[in-house]
Each structure stands twice: as structure tokens, then as C-alpha cells.
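Report on the following structure.
The values are calculated or read from the model by the stated rules, or taken from the named source; none is laboratory data. Since the model is a prediction, treat every value here as computed from it, not as a measurement. Note that each Cβ is placed from the backbone with ideal geometry, even for glycine, and that neighbours are counted across all protein chains shown.
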Amino acid sequence: MQGQGGSGRGRRREDRLRRLVRRVRAGEDGSWECLWHELEPVVRAWVRDVVRSAEVDDVVQEVMVQTWKDLPHFREESQFTTWVYAIAAWRAYWARRKRAQQRVRLEGLAATMPRDGASRSSADMVRKTNLRDHILAGLRRLGPDDRQVLAMRYLLDRDYAEIAALMSESEAAVRQRCLRARRRLRKRLELDSEDDGA
């Protein structure tokens with residue numbers, strides 16, 4: 001992640017990636033392979049920080065496919081590496097979530113005899129799962145910039161300094177973006193709750 005921010009090397013890399021994106025969009029032969037060749041080591045390093053080593057290859061492949069599919073929607077005013085990082089963040093998060101769900105199912109199967117207090121902990125697990133699903137549904141309805149900053153901050157647990165370096169923004173600007181995105185998410189969740197209650 002170092003070097004992605006305001007450094008000359010990071011800017012040169014970003015410019016090179018943007019040129020490759022334009023070539024891919026223009027349909028130039030071999031341009032996607034060149035673009036992914038540049039991205040793959042960085043994506044692999046990001047993903048390796050978040051998921052188990054046995055899942056890295058699968059998640060990296062999912063990031064590659066998602067990047068390819070979403071490339072027409074990339075907005076030039078955003079940094080390309082930050083945009084890809086957000087895709088990687090979501091894919092890595094979903095891999096971790098899937099693993100956690102499998103663990104919960106296995107724990108449920110292993111518990112053949114309920115103990116005192118077991119029903120309360122099961123109810124708490126269900127409530128937490130429902131809340132998490134509700135929040136994720138709200139995140140999906142936010143704009144890409146809001147999803148991006150919230151994914152980096154809360155799903156990948158990156159600190160503001162890391163996010164600022166990735167986005168080539170000041171730490172204060174990233175804090176402000178997070179605050180505004182959280183407010184929009186809260187409002188979205190409140191609207192969804194009202195719709196469910198109606």
C-alpha cells in the first residue's frame with residue numbers, strides 16, 4: 001500500500017494504470033492482460049492481509065472477474081487503485097463472512113444437547129446475523145464512494161492514515177468522508193426499517 005498516495009512513484013503507477021484502462025475500454029488486444037499483470041501482485045498483497053492463505057487465490061480470481069465486469073463503470077475522477085482496492089475489500093469481506101457462517105452452522109450442528117443459556121446465545125447470534133445482513137443491504141444501496149470508504153474503514157479495519165494514503169487525500173478529509181458516509185448509511189437503514197414496518 002505504501003507508495004499509492006502522493007509519491008511520484010505512486011502517481012506514475014496510477015497514470016500507467018489509467019492508460020491501460022483506456023486501452024482496455026477501447027478494446028485493444030492484450031490490454032486487459034497487461035492491466036491485470038500490473039494489478040495482480042498488489043491485489044494479492046491486499047487480499048493476503050485479510051483472508052486465510054487457502055482462500056487467497058479464489059478471492060484474487062473473484063477480484064479479477066469483478067474488476068473486468070465493473071470496468072465500464074469506473075469513473076475517471078477516482079483513483080483506479082482505490083477503486084480496485086474497494087472491490088478487493090468487498091470480496092475479501094465476503095470470503096471471511098462465508099467462512100464465519102460455515103463455522104456458525106458447524107457449531108450449531110455440533111451442539112446436540114442445549115445447555116442452560118444456549119437458547120439465549122443462539123438468539124443473540126441470529127439477531128447479530130440479521131443486523132449484519134441489514135447493514136450490508138444498506139451498504140449496497142449507497143453510492144460507490146461511500147461504499148468504498150466504509151469498506152476500507154470498517155470491513156477491512158484500515159485506519160484513517162492508510163485510507164488517506166490509498167485515496168491520496170488528507171486524513172481529515174477521509175475522516176469527514178467516513179462521517180458523511182456513516183450518516184447516509186444510517187439514514188438509509190432508518191428508511192429501510194420504516195419500509196419494513198409499513
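Among Val65, Val84, Val51, which is under 21 Å from Ser31 (Cβ atoms) and touching a helix residue (DSSP H, G or I) at 6+ places or on another chain (Cβ under 7 Å)?
Details: Val65 fails: touching a helix residue (DSSP H, G or I) at 6+ places or on another chain (Cβ under 7 Å); Val51 fails: under 21 Å from Ser31 (Cβ atoms).
Step by step, each of Val65, Val84, Val51 is checked, and only Val84 is under 21 Å from Ser31 (Cβ atoms) and touching a helix residue (DSSP H, G or I) at 6+ places or on another chain (Cβ under 7 Å).
Answer yes or no as to whether Ala95 is in contact with an Asp or Glu (Cβ under 9 Å, 6 or more places away or on another chain) and not basic (Lys, Arg). Full working, then the answer.
Working: in contact with an Asp or Glu (Cβ under 9 Å, 6 or more places away or on another chain): yes; not basic (Lys, Arg): yes.
For Ala95, the condition - in contact with an Asp or Glu (Cβ under 9 Å, 6 or more places away or on another chain) and not basic (Lys, Arg) - is met.
Hey, among Ala86, Ala95, which residue is touching a Lys or Arg at 6+ places or on another chain (Cβ under 8 Å), of a type in the set (Gly, Ala, Ser) and within 23 Å of Leu156 (Cα to Cα)?
Details: Ala95 fails: touching a Lys or Arg at 6+ places or on another chain (Cβ under 8 Å).
That would be Ala86, the only listed residue that is touching a Lys or Arg at 6+ places or on another chain (Cβ under 8 Å), of a type in the set (Gly, Ala, Ser) and within 23 Å of Leu156 (Cα to Cα).
Hey, among the residues in the stretch 143-169 that are surrounded by fewer than 17 Cβ atoms within 10 Å (Cβ to Cβ) and at pLDDT 80 or above, which one's farthest from Tyr93 (Cα to Cα)?
Initial filter on the stretch 143-169 (surrounded by fewer than 17 Cβ atoms within 10 Å (Cβ to Cβ)): 143-144, 157, 159, 161.
Subsequent filtering for residues that are at pLDDT 80 or above retains 143, 159, 161.
Values: Gly143: 18, Asp159: 16, Ala161: 20 Å.
Going through the qualifying residues, I end up with Ala161.
Just to verify a result, which residue in the stretch 24-36, among those that are more than 22 Å from Val60 (Cβ to Cβ) and over 24 Å from the mean Cα position of the chain (by Cα), is surrounded by the most Cβ atoms within 10 Å (Cβ to Cβ)? Full working, then the answer.
If we filter the stretch 24-36 for residues that are more than 22 Å from Val60 (Cβ to Cβ), which is where we start, we get 25-29.
So of that shortlist, the ones also over 24 Å from the mean Cα position of the chain (by Cα) come out as 26-29.
Values: Ala26: 8, Gly27: 8, Glu28: 12, Asp29: 7.
By that ranking, first place goes to Glu28.
Read through the list (1) loosely packed, with under 14 Cβ neighbours inside 10 Å; (2) modelled with pLDDT under 60, then give the number of the only condition that Ser122 fails.
Status for Ser122: all satisfied but (1).
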